[in-house]
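All remarks here apply to the structure that follows.
The values are calculated or read from the model by the stated rules, or taken from the named source; none is laboratory data. Bear in mind that the values here come from a model prediction, so they are computed numbers and not experimental data. In this analysis, Cβ positions are derived from the backbone assuming ideal geometry, glycine residues included, and neighbour counts consider all displayed protein chains.
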């Protein structure tokens, strides 16, 4: 009898695509969608994914589509308010001139934008809510700087559409944006904003519809033997205290140091970003009448219909804390910086009420790159995360890449090296 892992490799052979180098992702052949595989009662799944955030749920969906049986375990559930992926909105842009790995991220983000659009087209037939809004993105600066120059170099190399705008151009298109000190701006028309919580819920729903299983429980590494993990222990799951599988993927976000303190305690920082949603006075500050924007130390975007949470302003926050106990609202003493942003760039919003605030954990490692690597002690355990506040937008691409890595049908050595566990933070490096 053919081994199931050999079957999965055979079934998916030849469907991978080049994710790095000169070959564009957009021209790739899409992965086949196999018939849903449902495991029999009492039968262990091929893969257990612990964590239902961006990394976990997109990976799980792609694993199912590649023919694996998959169970996702999450204590709070997809899109919950404690997860990094559980906020109201996330921006999707491809301007990464400030990153040493910016070319790869630009390439992936361009493909992700295409896939977010495709996702909504498919979801409409399934009566799932729209999640992606093509707002365009406007990066404004007081002078030309290396970040903008390197971003344009990436865009030019990849054929990404963009415009260079001056203050007069901005004033003509969006006269309610103050450009008193602005001399230059980059505009990316295909960029947009995703309804984050709704998107994760939507991916989870399609994962279940296509044969995956979702369990609500706290999962921790269980029994092991000979360099392999045999099971995860479950807490709070009715009628079952463990779950076995051939392969385990831990996608834990800010919970990584709690689950693997020896490995992740010095390889992860979990700062908190502060997000404010302001009530808008009129349609100028609503989609589709203005773009998302980036100014030094802040990103944001217009209110999105239909519920119009508000005009979004995100600023830096504070050092992270325990994700199970940290407050997820922004205290009054942190409200001054967003007020300054409003006064400097959007004067017609001065005095606008704050509809809601959110404090969100982010995770990053010393290299600022994603993590997709095996646990150093277990051959069948994968660790994936360190989104650096950028993984959400690239979820549709990341999930496919991780699924193929796990199944052994994606073996680009350059990417494997880039996404490895890597070095620890120095003791005195800021969190």
ask   = Which one of 120, 150 is within 29 Å of residue 363 (Cα to Cα), part of a helix (DSSP H, G or I) and touching a strand residue (DSSP E or B) at 6+ places or on another chain (Cβ under 6 Å)?
value = 120
key: Condition met for residue 143 (modelled with pLDDT of 95 or more and in a helix (DSSP H, G or I))   = no
task = Check every one of the strands (runs of 3 or more DSSP E) wholly within the stretch 322-431 and list those with 2 or more residues that are farther than 25 Å from residue 229 by Cα and within 14 Å of the chain's Cα centre (by Cα).
result = 354-361
message = Checking residue 424 against (1) touching a residue at least 12 places away in the same chain (Cβ under 8 Å); (2) closer than 23 Å to residue 258 by Cβ; (3) in contact with a strand residue (DSSP E or B) (Cβ under 9 Å, 6 or more places away or on another chain): exactly one of these is not met. Which one?
response = (3)
query = What residue, among those in the stretch 289-299 that are surrounded by fewer than 24 Cβ atoms within 10 Å (Cβ to Cβ) and in a loop (DSSP other than H, G, I, E, B), is farthest from the chain's Cα centre (by Cα)?
reply = 289
task = Kindly indicate which of 177, 170, 182, 200 is over 23 Å from the mean Cα position of the chain (by Cα), in a helix (DSSP H, G or I) and crowded, with 18+ Cβ neighbours inside 10 Å.
result = 170
ask   = So which residues in the stretch 251-282 are part of a helix (DSSP H, G or I) and surrounded by fewer than 20 Cβ atoms within 10 Å (Cβ to Cβ)?
value = 258, 259, 261, 262, 263
message = Can you find a residue that is assigned to a helix (DSSP H, G or I), modelled with pLDDT of 60 or more and in contact with a helix residue (DSSP H, G or I) (Cβ under 9 Å, 6 or more places away or on another chain) anywhere in the stretch 6-24?
response = no
remark   = residue 234 fails exactly one of (1) crowded, with 16+ Cβ neighbours inside 10 Å; (2) assigned to a helix (DSSP H, G or I), namely (2)
inquiry  = Just checking, does the stretch 241-250 include any residue being outside the structural domain of residue 426 (by TED's automatic domain parsing), touching a strand residue (DSSP E or B) at 6+ places or on another chain (Cβ under 6 Å), surrounded by fewer than 21 Cβ atoms within 10 Å (Cβ to Cβ) and part of a strand (DSSP E or B)?
reply    = no
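Residue-by-condition table, conditions (1) touching a strand residue (DSSP E or B) at 6+ places or on another chain (Cβ under 9 Å); (2) assigned by TED's automatic domain parsing to the domain that holds residue 105; (3) at pLDDT below 95; (4) crowded, with 21+ Cβ neighbours inside 10 Å:
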| position | (1), (2), (3), (4) |
| --- | --- |
| 301 | yes, no, no, yes |
| 304 | yes, no, no, yes |
| 351 | no, no, no, no |
| 382 | yes, yes, no, yes |
ask   = Is there any pair with a first residue in the stretch 251-276 that is under 14 Å from residue 422 (Cα atoms) and a second that is crowded, with 24+ Cβ neighbours inside 10 Å whose Cβ atoms are under 7 Å apart and which are 6 or more apart or on different chains, and what are they?
value = 264/256; 268/256; 268/363; 268/386
Residues that are surrounded by 22 or more Cβ atoms within 10 Å (Cβ to Cβ) and in contact with a strand residue (DSSP E or B) (Cβ under 7 Å, 6 or more places away or on another chain), drawn from the stretch 384-400 = 384, 385, 386, 392, 393
inquiry  = Being touching a helix residue (DSSP H, G or I) at 6+ places or on another chain (Cβ under 8 Å), surrounded by fewer than 22 Cβ atoms within 10 Å (Cβ to Cβ) and outside the structural domain of residue 141 (by TED's automatic domain parsing) narrows it down to one residue among 114, 93, 82; which is it?
reply    = 114
note = Counting only residues in the stretch 153-167 that are in contact with a strand residue (DSSP E or B) (Cβ under 9 Å, 6 or more places away or on another chain) and part of a helix (DSSP H, G or I), the one surrounded by the fewest Cβ atoms within 10 Å (Cβ to Cβ) is identified as 167
